[in-house]
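Have a look at the structure below, then the notes.
Just so you know, all these numbers are worked out from the coordinates, no wet-lab data involved. What you see is a predicted model; the values in this text were computed from it and never measured. Neighbour counts run over all protein chains shown; Cβ positions are idealised from the backbone, glycine included.
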Amino acid sequence: MIAELPLPTVLSGARSIELRRATRDDLHQLIALLGDDPISAGRGDIAEESDRPAYEAALDAIQSDAGNDVIAATDQSGRILGTLQLTRIPGMARRGSTRLLVEAVRVSSSARSSGIGTALMRWVLLEAAPSIGADLVQLTSDAQRADAHRFYERLGFVGSHIGFKYLLRH
């Protein structure tokens, strides 16, 4: 399961990036990382401490399920430079294929274009997904994220589907 994946140190250019499971102690940095993104901020991730209980509950729920986790990519000082959420989805389609869903991929604006996102996603594709028996890695990306789409395509992802969302609460 995802909660049992070994988390390595990966290289981003000449920089070593440690991958580790996020903890409650990381919430301040994770909340700030979400708020650092204009699209997320437009959806309410505005890095206000008053929202901390909601983020705590979300992290607890994610980590209470062995098929989910939030990964933090940190520099040698412990500063979180990137993050993503992984969810293992056993499925019936594609002859019972297991999917690995990648969500909430974020890299600090100060570290974008430095290879951190590439290092994170290569780890997902080459180590995490095979380790959990995934046949397919999938993600969604907001239609406004043209740079992110080019990034995922460079990694070999194919924009093969159209996603839909139905907002139940604001």
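Here the range 73-149 and the range 46-63 have alpha carbon centers that stand 20 Å from each other. Counted without the sites themselves, the longest stretch of the chain free of trypsin sites (Lys or Arg not before Pro) in a DSSP loop having at most 10 other beta carbon atoms within 10 Å is 1-164. The calculated pair-distance distribution of the chain uses every alpha carbon pair, bins of 5 angstrom beginning at 0, and gives 1, 8, 16, 21, 22, 18, 10, 3, 0, 0 percent.
Once C-alpha pairs closer than 8 Å and six or more residues apart are averaged by separation and normalised to the residue number of the chain, the relative contact order reads 21 percent. Need one word for the range 1-63: rounded, prolate or oblate. Basis is the Cα gyration tensor (sqrt eigenvalues a ≥ b ≥ c); a/c below 1.5 gives rounded, then a/b vs b/c decides. In terms of gyration-tensor shape, oblate. Sorted on the mean count of surrounding Cβ atoms within 10 Å across their residues, most packed first, peptides 71-77, 2-8 read 71-77, 2-8. If you take the charge dipole of the range 2-154 about its Cα centre, with +1 on Lys and Arg Cβ and -1 on Asp and Glu Cβ, which of SER50, ALA61, SER16 is farthest toward its positive end? Toward the positive end, the furthest listed residue is SER16.
List the GluC sites (Glu not before Pro) within the range 33-85 that DSSP assigns to loop and that have no more than 11 neighbouring Cβ atoms inside 10 Å. In loop regions of the range 33-85 (DSSP not H, G, I, E or B), the sparsely surrounded GluC sites (Glu not before Pro) are GLU48. Applying a length cut-off of 24 Å (Cα extent along the axis) and a mean Kyte-Doolittle floor of 0.0 to the DSSP H helices of the chain leaves no helix. Rounded to the nearest 20 debye, the dipole size of the range 2-154 about its Cα centre is 620 debye, using +1 on the Cβ of Lys and Arg and -1 on the Cβ of Asp and Glu. Shape of the range 39-94 from its Cα gyration tensor (a ≥ b ≥ c, root eigenvalues): rounded if a/c is under 1.5, otherwise prolate when a/b > b/c, or oblate? Note, shape of the range 39-94 comes out prolate.
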